[in-house]
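I have placed the structure first, in the form of structure tokens, so that the comments after it can refer back to it.
The values are calculated or read from the model by the stated rules, or taken from the named source; none is laboratory data. The shown structure was predicted, so the numbers you read here are calculated from the model rather than taken from an experiment. Quick reminder, even Gly has a Cβ in these numbers, built from the backbone with ideal geometry, and neighbours come from all protein chains shown. These area figures cover heavy atoms from the full protein model, side chains too; ligands, DNA and RNA do not enter into them. Shrake-Rupley method; radii C 1.70, N 1.55, O 1.52, S 1.80 Å.
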Amino acid sequence: MKNSYVIEYLNENEFRKKERAVKKYNMLAYKKLIFEFYSDFREGKFDGVVVSKNTKDGITKYELKLPTDAMFSKVYEDIVLHYSVYENQKIVMLNTITPEDILTEGHQKELQTYKGVPISKSHSEKDMFKINLLNMIGKDGLL
């Protein structure tokens, strides 16, 4: 326990809202985040892609792609956790989860689904078009 890292938040309220939206729309990503990745962070195991590294201050920024449904990823993009590690202070700072538009909108009001994929209220026709296109391509064997 002496060498464990502490998890903190850049903006805890906003982060928790996005975390709950991930739970609502992609339970696999949520479970991996809560039960696997957070535990690894506390133990000093950091997954993901290093975005930037400041060796002088001991700060490393990461982007960690969470497991998502293939259709969700194609319509909205992958769910990515952005976090920073402050090695000198033994702190993991959770910054945000993207894509922010769907996660923020999903928390504020219940999103509707179309063919099993959540669609946003602000650009629902665009989302439905993408879903239909991907389904059509998939049926023709092009995917």
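Looking only at segment 83-94, count every residue that is open to solvent by 40 Å² or more (accessible area, probe 1.4 Å) and either under 11 Å from the mean Cα position of the chain (by Cα) or among the hydrophobic types (A, V, I, L, M, F, W, C) (or both) and tell me the total.
So the count comes out to 0.
Within segment 1-67, which helices (runs of 4 or more DSSP H) (wholly inside it) include 3 or more residues that are in contact with a Ser or Thr (Cβ under 6 Å, 6 or more places away or on another chain) and at pLDDT 95 or above?
Working: elements: 12-25, 27-31, 38-43.
Per the criteria, no element qualifies.
Any residue that is without any contact (Cβ under 8 Å) to a residue 12 or more places away in the chain, open to solvent by less than 80 Å² (accessible area, probe 1.4 Å) and polar (S, T, N, Q) - is there at least one of those in segment 56-69?
no
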Segment 9-25 residues that are closer than 16 Å to TYR38 by Cα and open to solvent by 90 Å² or more (accessible area, probe 1.4 Å), paired with ones that are among the aromatic types (Phe, Trp, Tyr) and at pLDDT 90 or above (beta carbon under 6 Å, 6 or more apart): LYS23/TYR30
